[in-house]
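Asks: Before I ask anything, let me first share the structure, which is written out below as structure tokens.
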Amino acid sequence: MNLKEAIEKRHSVRSFKVEGISEEAIQTLLEAACQAPTAGNMQAWRFYVVRNEKIKRDLAISALNQMWMSRAPVIIVLCADMARAERFYGERGRNLYALQDTAAAAQNLLLTAGSLGLGGCWVGAFSEARVAKLLDLPHSVRPLALLPIGYPDEEGKETSRLKPEEVTVFVD
């Protein structure tokens, strides 16, 4: 699958087969995430791979009771190391670059998941405090996205997208 196909075929998946994910596939996902662009190469992200059933259930509860998440074989929690970002770039690193870099890692991870026949969903609606407590995150590590990942048990639903001409301004 080429990159354009991977981008066009990527859809949010909220229903997963029981089948687990191999360690090799998880490693491939994490390697792709680590290849994302990052301000000043600071790589201020942290990835928590959750397979524990109780913790997955608690993460789903923390995400506004989206219990479908707990049925994914894996939930990868993408976090930003705010202190590391701040150390390199001050307030802008903490409040912007760390967020942008982690978002780029999430996109790499989701596109790679699709190329491996996996599906996932980017979940941003959750209690940061509760997730941080569940994972015993250091004070400077902020959870930014929950990515339930697994083999899809549903056909992806195509969603409408704005056309480039609807959202683009050329400045000459």
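No value in this document is a laboratory result; all are computed from the given coordinates. Keep in mind that what you see is a predicted model, and the values were worked out from it rather than measured. Here Cβ is always computed from backbone atoms with ideal geometry, including for glycine, and neighbour counts include all displayed protein chains.
Asks: Near the amide H of residue 121, under 5 Å away, which other amide H atoms are found, from residues 5 or more places off or on another chain, if H is placed in the peptide plane?
Replies: Here the answer is 13, since their amide H atoms fall under 5 Å of that of residue 121.
Asks: Cross-link partners among lysines for residue 54, C-alpha distance below 22 Å, same-chain residues fewer than 8 apart left out?
Replies: Hits, sequence-local ones excluded: 17, 133.
Asks: By a straight-distance test (C-alpha under 19 Å), which lysines pair with residue 163 as possible cross-link partners, with residues fewer than eight away in the same chain excluded?
Replies: Cα-Cα hits under 19 Å: 4, 9.
Asks: Taking the Cβ-Cβ separation of residue 166 and residue 49 as r and a Förster radius of 45 Å, what is the calculated FRET efficiency to the nearest 0.05?
Replies: Calculated transfer efficiency: 0.75.
Asks: Assuming R0 = 35 Å, what is the FRET efficiency of residue 153 and residue 128, from their Cβ-Cβ distance, to the nearest 0.05?
Replies: 0.75
Asks: Per q in 0.16, 0.20 1/Å, what log10 I(q)/I(0) does a Debye calculation on the alpha-carbon atoms of the chain return?
Replies: -0.98, -1.34
Asks: Here's a follow-up. With a Förster radius of 41 Å, plug the Cβ-Cβ distance of residue 5 and residue 87 into 1/(1 + (r/R0)^6) and report the FRET value to the nearest 0.05.
Replies: Calculated transfer efficiency: 0.55.
Asks: Follow-up. Subtract the Cα-Cα distance of residue 31 and residue 12 from 0.36 nm times their separation in residues, and report this length gain in nm to one decimal.
Replies: 4.7 nm
Asks: Something else now. What distance in nm separates the two pseudo spin-label positions at residue 136 and residue 67, each 7 Å out from Cα along the beta-carbon direction?
Replies: My value for the distance between the label points is 2.8 nm.
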